[in-house]
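Here is the structure we will look at, set down as C-alpha cells.
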Amino acid sequence: MAGDTLFDAAADDAAAASAPLAVRMRPRTLDEIVGQRHLLGPGTPLRRLVEGDQPMSLILWGPPGTGKTTIAHVVSHATRRRFVQLSALTAGVKDVRAVIAEARDALGFNGRQTVLFIDEVHRFSKTQQDSLLGAVEDRIVTLVAATTENPFFSVVAPLLSRSLLITLEPLSEEDIRIVVRRALADPRGLGGTLTLADDAFEHLLRIAGGDARRALTALEAGAGAASGQGATVIDLPTLEAAVDRAAVRYDRDGDQHYDVASAFIKSLRGSDVDAALHYLTRMVEAGEDPRFIARRLIILASEDIGMADPAALPLAVAAAQAVQMIGLPEAAINLSHAVIYLALAPKSNSVITAMGAAAADIRAGLAGPVPPHLRDAHYKGAGRIGHGADYQYAHDTPTGVATQQYAPDTIAGRDYFTPTTHGAERDLGPRLTRLRALLRGTNTTPADPAEQPAEP
C-alpha cells in the first residue's frame, strides 16, 4: 500500500549499492536541486515552506523528470516528518483512509506530522480526491501531490484551493549536464571511477530530453556496460548499445539543425505527410527542443495554410500547449497529430502575402492620418474638432455593413487580401467582392444572403 520512511542524510548515504543511480543521486536539500530557479530563490513559497516548516500542502505540476518526487522527499527530510508515498495507479480510497488514520494516530501520539506524497494524482477519481479534503483541511497530513497534467482540469477545485500550486519547468540541457557531472563524480554515484566521452555525453543529453531521471538511468546503463568490458571510459558505441538507441546525426547548433528543420517545413508546405513525419521523428529522436518544433508549426499554420483552413492555427496552438503541459516522450504524439493535420490541410499563403503588401505601403510612407469620423470621440471636446462626426454604426444598417471609408486617404481603395480557391478560401472570394462593393458604395447587394434586411 504505502511506504512509510523517515528520510535523513545518514539514511541516504547508507543507501544500498543496488539502488538505482537516480535514487542514490536524489537531492537531499533544496540547494542540491538542479533547475527550477524560479522556485528556489530566497523568500519563494517553496523555500519558506521547507525552511519555516510550515504545514502547507503542495500540488507539483510539471513534465516527467523535473524534480516533483525529489521536492516531496526534501520537504519530508527538511521538516523531519513521516513520509508516506502512494501511487494513484494502484491506491484506492481504502488506502487513502488508512494513511490518514495512521497520520492522525502519529499526530496524537507524539505530535509527529505526516507528508503524504501522491504521484500522478490526476489519475485519482473525484471520489478519491474528495477523500483527502478533510485531512488536508485539518492538516492531519501535509499533501504533496504530483501531476503531469493541468491541475485546473485534473484536480478537484476544493483540493486545489487548499494547496499551493507549484509549476516546474523542463530542465535545460545545462541542468542535465550538471546532474550527469555530479553523478559521475559524487561518491553516491559513480565516484569518479568512469568518465564519459564527449560525443557520448552529447548523445546522453539528447536522449534525456530534459528528464533528469532518464539521463541518470541511461548513464547507469552505460556505466554498467563499460565496467563489464573493463573500460574506464563510457564511449558512444557503448552507451548506444546499453540504451538501445542509436545517436541520430543531428547537430542542433550546426547545418543539420537548419537543414532538417527546413526540410520539415517544406514537406509540410508541400503536403507530403510521410516526409513531414520522418523529419519530425528525426528531430524528436535527436533531442530537438519540442518547443522549437511547436513554434514552427504555429508559424506554418498561418503562413502556409491561413484562411484555407482556419482550424489549423488553433490546432497548432493546442499542440504547443500540450508540449508545455506534458513534455516528451508523450508530447511527440501531440506533435504528430498536428503534423498530420497541417500536412493534409489545403494550403494558402494569402495571409502572409496580404501582410507583406500592407507592410510595403507603410514602409513607403503611405501611413496617412486616420479619417476624422473614425477618431476617438469619447473625450470632452472631441466633437468640436470633428472627431467621430458622421460615423455610421455598422449594426444600424440593414446589411450590417456601412458604406464609409475606413482606410486612410493614402491607401483608400487598395486591395491587400486576395483569397485563393483552396479549401475554405474558395468561399471567401465572392463574399469579399460583395463586402468591398458595399463598403465603397459601388454595389448595394448584401454581402451575404443572411444579411438581407428582414421583410416588412
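The values are calculated or read from the model by the stated rules, or taken from the named source; none is laboratory data. What you are looking at is a predicted structure, and each value in this text was computed from that prediction instead of being measured. Neighbour counts run over all protein chains shown; Cβ positions are idealised from the backbone, glycine included.
Numbers for the structure displayed
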read-out: The stretch 272-294: number of residues that are of a type outside the set (A, V, I, L, M, F, W, C), surrounded by fewer than 22 Cβ atoms within 10 Å (Cβ to Cβ) and over 14 Å from Ser336 (Cα atoms); value: 1
read-out: Condition met for Ala367 (outside any loop (DSSP other than H, G, I, E, B), within 30 Å of Thr420 (Cα to Cα), small (Gly, Ala, Ser) and out of contact with any strand residue (DSSP E or B) (no Cβ under 6 Å at 6 or more places or on another chain)); value: no
read-out: Tally of residues being assigned to a helix (DSSP H, G or I) and either more than 21 Å from Val155 (Cα to Cα) or of a type outside the set (A, V, I, L, M, F, W, C) (or both) across the stretch 111-127; value: 4
read-out: Residue count, the stretch 298-319 (criterion: in contact with a helix residue (DSSP H, G or I) (Cβ under 7 Å, 6 or more places away or on another chain), surrounded by fewer than 22 Cβ atoms within 10 Å (Cβ to Cβ) and not in a loop (DSSP other than H, G, I, E, B)); value: 6
read-out: Residue, modelled with the lowest pLDDT, within the stretch 333-376, restricted to residues that are basic (Lys, Arg) and surrounded by 14 or more Cβ atoms within 10 Å (Cβ to Cβ); value: Arg375
read-out: Residues (assigned to a loop (DSSP other than H, G, I, E, B) and surrounded by fewer than 21 Cβ atoms within 10 Å (Cβ to Cβ)) located in the stretch 169-208; value: Glu169, Ser172, Asp186, Pro187, Arg188, Gly191, Gly192, Thr193, Leu194, Ala197
read-out: Per-region count, the stretch 266-297, residues under 27 Å from Asp211 (Cα atoms) and either touching a helix residue (DSSP H, G or I) at 6+ places or on another chain (Cβ under 7 Å) or in a helix (DSSP H, G or I) (or both); value: 20
read-out: Any hit, the stretch 6-22, residues being modelled with pLDDT of 80 or more, crowded, with 17+ Cβ neighbours inside 10 Å and touching a helix residue (DSSP H, G or I) at 6+ places or on another chain (Cβ under 8 Å); value: yes
read-out: Yes/no for Gly381 being in contact with a Lys or Arg (Cβ under 9 Å, 6 or more places away or on another chain) and either modelled with pLDDT under 85 or not in a helix (DSSP H, G or I) (or both); value: no
read-out: Residues being assigned to a helix (DSSP H, G or I), out of contact with any strand residue (DSSP E or B) (no Cβ under 9 Å at 6 or more places or on another chain) and either without any contact (Cβ under 8 Å) to a residue 60 or more places away in the chain or not assigned by TED's automatic domain parsing to the domain that holds Leu58 (or both) - total across the stretch 85-103; value: 4
read-out: Selection status of Arg28, more than 27 Å from Leu160 (Cβ to Cβ) and at pLDDT 80 or above; value: yes
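Residue-by-condition table, conditions (1) within 30 Å of Ala218 (Cβ to Cβ); (2) outside any helix (DSSP H, G or I); (3) at pLDDT 85 or above:
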residue	(1), (2), (3)
Gly35	yes, yes, no
Arg48	no, no, no
Thr66	yes, yes, no
Ala72	yes, no, no
Phe83	yes, yes, no
Phe109	no, no, no
Gln129	no, no, yes
